[in-house]
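Participant: Take a look at this one; I'll ask things after.
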């Protein structure tokens, strides 16, 4: 009887050891965790421009993926908000990093920049509260709730992570959506073709400099797609100021593709679309929202059909970070902004003065921004701050024509618009004192960072 007991004990030990070994073997490979939470603010709270009066059929989402098995976890997160800036951006990254068991430097958080959506800047919130003012659209109550939801969702997702065996890469042109917003007249001055343009003469102007390509990165477990990440550069507005949170046409396109491939989580990132919009193809009629959404979804489908899969191993994945100090705009003086705040000047509030103060304080404290690059085999994914001009995205692709290069912008929203050096000479809305918090020298800083990152290997 004792012998049978020993045999049973040995058998149990062997089974347990085999299970542990299998678990270790699985954990040694690449895995993907997927998370997705509702980021729609409740009625009575504030969007970037208006109070929330109602809800729409489609919610705003905060979703993304966690890459496991290639060093410390890497997290890519996209949020259907207008922007997440300064201390708000820090808080999102830190909370997600803690939930994923990694460091903030391996977490990216990007907004898609829809306008019927919230703004988040805990630094701006503090500036206003310290002045005894209602932070209104900078009230961080709901943002902190979304952060809590993300923490919970990321932890739960990691417990259900699935193996990754293959990487998929595909690209296609999106037709009749993007157009350059900055039209240079005969006098060399900029006329702005906004995202909704009623003037037929301005709509008749050429598309201008754009990147028409939507890039798809997909993760697979053998033949099963787990997640599809899409990258496309344009302002995402068809029409707004409705008081109803909605993800606009890129969110609808993402939803259409989710219906087509329900087994995969679809995560969309806005590329360097700071000077790009749908103005050539959109006069602001509500019916254009679904038209634009279908055109983007069509490009996504063709990129999906063109996707080529290849095996992926931990050694083919890399993560690189460049810390940058972006030069502040010369017109920004913290003393003047604080005087405007004290005097309750309308321009201070209309131009996001409290966020500008928060941005300048971070610069004075020497707080850098992080530009990062994810290597996935032959793919390079750049993560950039602010409302970046499309020229940066095109330059990145030109630097590495031998690689599959994609870009997500609208990371830390603190810098506002980030133009090219010449754009600041040309004028226009995007590079005006109201819109851009950085100086023309920003081009050299970011181009240098991109060159370093794109030269890295896994």
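The values are calculated or read from the model by the stated rules, or taken from the named source; none is laboratory data. Everything numeric here is computed off the predicted structure, so don't read it as measured data. Note: ideal-geometry Cβ built from the backbone for every residue, glycine included; neighbour counts use all protein chains shown.
Participant: Any chance you could count how many residues in segment 380-399 are over 22 Å from residue 421 (Cα atoms) and not in a strand (DSSP E or B)? Talk me through it step by step, then tell me what you get.
Facilitator: Here is the first cut: in segment 380-399, the ones over 22 Å from residue 421 (Cα atoms) are 380-381.
Still in the running and not in a strand (DSSP E or B): none.
Adding up the residues that qualify gives 0.
Participant: Determine which single condition residue 232 fails, assuming it passes every other condition in (1) free of Cβ contacts under 8 Å to residues at least 24 places away in the same chain; (2) touching a helix residue (DSSP H, G or I) at 6+ places or on another chain (Cβ under 9 Å).
Facilitator: Among (1) free of Cβ contacts under 8 Å to residues at least 24 places away in the same chain; (2) touching a helix residue (DSSP H, G or I) at 6+ places or on another chain (Cβ under 9 Å), residue 232 violates only (1).
Participant: When the residues of segment 126-137 are filtered to those that are outside any loop (DSSP other than H, G, I, E, B) and touching a residue at least 60 places away in the same chain (Cβ under 8 Å), which remaining residue is surrounded by the most Cβ atoms within 10 Å (Cβ to Cβ)? Full working, then the answer.
Facilitator: As a first pass, look at segment 126-137 and keep what is outside any loop (DSSP other than H, G, I, E, B): 126-130, 136-137.
Narrowing further to those that are touching a residue at least 60 places away in the same chain (Cβ under 8 Å): 126-128, 136-137.
Details: 126: 19, 127: 24, 128: 22, 136: 13, 137: 21.
This residue is 127.
Participant: Which condition does residue 451 not pass, out of (1) out of contact with any helix residue (DSSP H, G or I) (no Cβ under 9 Å at 6 or more places or on another chain); (2) over 23 Å from residue 190 (Cβ atoms), if it passes all the others?
Facilitator: Of the numbered conditions (1) out of contact with any helix residue (DSSP H, G or I) (no Cβ under 9 Å at 6 or more places or on another chain); (2) over 23 Å from residue 190 (Cβ atoms), the odd one out for residue 451 is (1).
Participant: Cβ contacts < 9 Å: first residue buried (at least 16 other Cβ atoms within 10 Å of the Cβ), restricted to segment 344-356; second residue assigned to a helix (DSSP H, G or I) and modelled with pLDDT under 90, any location; separation 6+ or different chain. Result?
Facilitator: 353/347; 354/348; 356/348
Participant: Is there a residue being surrounded by fewer than 20 Cβ atoms within 10 Å (Cβ to Cβ) and within 24 Å of residue 178 (Cα to Cα) anywhere in segment 406-416?
Facilitator: Looking only at segment 406-416, we keep the residues that are surrounded by fewer than 20 Cβ atoms within 10 Å (Cβ to Cβ), and these are none.
No, segment 406-416 contains no residue that is surrounded by fewer than 20 Cβ atoms within 10 Å (Cβ to Cβ) and within 24 Å of residue 178 (Cα to Cα).
Participant: Consider residue 173 carefully, then state whether it is surrounded by fewer than 18 Cβ atoms within 10 Å (Cβ to Cβ) and closer than 23 Å to residue 64 by Cβ. Give the derivation first.
Facilitator: Numbers: surrounded by fewer than 18 Cβ atoms within 10 Å (Cβ to Cβ): yes; closer than 23 Å to residue 64 by Cβ: no.
For residue 173, the condition - surrounded by fewer than 18 Cβ atoms within 10 Å (Cβ to Cβ) and closer than 23 Å to residue 64 by Cβ - is not met.
Rundown of residues vs (1) within 16 Å of residue 373 (Cα to Cα); (2) out of contact with any helix residue (DSSP H, G or I) (no Cβ under 8 Å at 6 or more places or on another chain); (3) surrounded by fewer than 23 Cβ atoms within 10 Å (Cβ to Cβ), yes/no style:
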position: 73; (1), (2), (3): yes, no, no
position: 80; (1), (2), (3): no, no, no
position: 83; (1), (2), (3): no, yes, no
position: 88; (1), (2), (3): no, no, no
position: 94; (1), (2), (3): no, no, yes
position: 98; (1), (2), (3): no, no, yes
position: 101; (1), (2), (3): no, no, yes
position: 109; (1), (2), (3): yes, no, no
position: 113; (1), (2), (3): no, yes, no
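Participant: Another question, if that's okay. Taking residue 140, is it free of Cβ contacts under 8 Å to residues at least 60 places away in the same chain, within 29 Å of residue 343 (Cα to Cα) and touching a strand residue (DSSP E or B) at 6+ places or on another chain (Cβ under 9 Å)? Lay out the reasoning, then the answer.
Facilitator: Numbers: free of Cβ contacts under 8 Å to residues at least 60 places away in the same chain: yes; within 29 Å of residue 343 (Cα to Cα): yes; touching a strand residue (DSSP E or B) at 6+ places or on another chain (Cβ under 9 Å): yes.
For residue 140, the condition - free of Cβ contacts under 8 Å to residues at least 60 places away in the same chain, within 29 Å of residue 343 (Cα to Cα) and touching a strand residue (DSSP E or B) at 6+ places or on another chain (Cβ under 9 Å) - is met.
Participant: Quick one: what pairs do we get from segment 295-316, first residue under 11 Å from residue 175 (Cα atoms), second at pLDDT below 95 and assigned to a helix (DSSP H, G or I), C-beta under 9 Å, 6+ apart or different chains?
Facilitator: As it stands, the answer is none, since no pair meets every condition given.
Participant: Evaluate segment 221-237: report whether one residue or more is part of a strand (DSSP E or B), surrounded by fewer than 17 Cβ atoms within 10 Å (Cβ to Cβ) and more than 22 Å from the chain's Cα centre (by Cα). Talk me through it step by step, then tell me what you get.
Facilitator: Going residue by residue through segment 221-237, those that are part of a strand (DSSP E or B) are 221, 224-232.
Filter again for surrounded by fewer than 17 Cβ atoms within 10 Å (Cβ to Cβ), leaving 221, 224.
Then keep just the ones that are more than 22 Å from the chain's Cα centre (by Cα); that gives 221, 224.
For segment 221-237, residues part of a strand (DSSP E or B), surrounded by fewer than 17 Cβ atoms within 10 Å (Cβ to Cβ) and more than 22 Å from the chain's Cα centre (by Cα): present.
Participant: Report, by residue number, each residue of segment 330-345 that is touching a helix residue (DSSP H, G or I) at 6+ places or on another chain (Cβ under 9 Å) and over 15 Å from residue 128 (Cα atoms).
Facilitator: Selection gives 332, 333.
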